[in-house]
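The values are calculated or read from the model by the stated rules, or taken from the named source; none is laboratory data. Remember, predicted model here, so these are calculated numbers, not experimental data. All Cβ positions, even for glycine, are placed from backbone atoms using ideal geometry, and neighbour counts span all protein chains on display.
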Amino acid sequence: MYIQLLTAAAADAAPKQAFGFWEAMEQGGAIAWFIFSVLVIMSIGSFYILITKLLEQNKIMRQYKSQVRGAFWKAPALKDGATKLEKNSAWRQIVDDALKADEDHSKMVDSREAHDYLHGSLQSSEDSINAKLAGGLPFLASVGATAPFIGLLGTVIGIYRALINIGLAGSASIDKVAGPVGEALIMTAIGLLVAVPAVLAYNWLQSRNRRIAELLTGFSTDVLAYISSDGKVKPTVLAAAPKAAPAKPAAPAGGAPVKK
């Protein structure tokens, strides 16, 4: 009984070490908090870019389905069709640039140079739209490439501090080593949690941008063909098929009227 009391008293008197994320941050000091803040900023920026770019892409695709494929090409002229497109949209920008280039095109003497100028104007309009859509994606790529290394830097600093404290304490038992080293690995995990969503978002947004670029190229090609042919070349607009009229009952043989 006396030995058990001494053991319990010694256990109560021994200093208890608390392990966890906040304890690791407190032990890491200002450097650990700085690295953690950088990772948080990267994560917030990645999700902000993902949401804003996704909304922007959905808006462009929705305008293409509702305005370009329907109302625009049903208009008698490009100027009339431009009024049916939403202002400050990518599709309206291409049409406005095409109309402006067509005005300048008629003033040029060399027909070949005039055609090249018209084609180059539309290509420049496409490039400006694609560049705007690609804005923010380099940040996602940078986050995906650097976040794991920033987290690893925090881990290295944490392990360094843990080894220094172990050396000063003069004890290298497993309980003295495992806790601090395990805490230091938290920063690597945070870096991976920041990097993986950024990489996935980058690849997904890039694939959607390529689809939009294809639509822009096809639309500008149709506009160029329309202008070059004076409105004779025009893409076919898929109209809804008319409903078939109900079939009339066949008359009986002999021409007798059908009794109801």
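Could you tell me whether Arg92 is closer than 30 Å to Gln206 by Cβ, surrounded by 13 or more Cβ atoms within 10 Å (Cβ to Cβ) and free of Cβ contacts under 8 Å to residues at least 12 places away in the same chain? Yes, satisfied.
For segment 202-236, the set of residues classified as in a helix (DSSP H, G or I) and over 20 Å from Ile129 (Cα atoms) consists of Ala225, Tyr226, Ile227, Ser228, listed by residue number. Scanning segment 168-183 for residues that are among the polar types (S, T, N, Q), assigned to a helix (DSSP H, G or I) and either loosely packed, with under 14 Cβ neighbours inside 10 Å or at pLDDT 95 or above (or both) turns up nothing. From the list Gly135, Gly151, the one residue that fits, being out of contact with any Pro (no Cβ under 7 Å at 6 or more places or on another chain) and not in a helix (DSSP H, G or I), is Gly135.
Would you mind stating whether Leu137 is modelled with pLDDT of 85 or more and surrounded by 14 or more Cβ atoms within 10 Å (Cβ to Cβ)? When the stated conditions are applied, Leu137 passes them.
Taking segment 84-124 on its own, how many of its residues are under 19 Å from Ile60 (Cβ atoms) and part of a helix (DSSP H, G or I)?
Narrowing segment 84-124 to residues under 19 Å from Ile60 (Cβ atoms): 84-98, 122-124.
Now restrict to residues that are part of a helix (DSSP H, G or I): 90-98, 122-124.
Selection size over segment 84-124: 12.
The rows are residues; the columns are (1) within 25 Å of Ile49 (Cβ to Cβ); (2) among the aliphatic types (A, V, I, L, M).
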position	(1), (2)
Asp104	no, no
Glu113	no, no
Tyr117	no, no
Val143	yes, yes
Val156	no, yes
Tyr160	no, no
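Against the definition (part of a helix (DSSP H, G or I) and not basic (Lys, Arg)), how does Gly81 come out, yes or no? Yes, satisfied.
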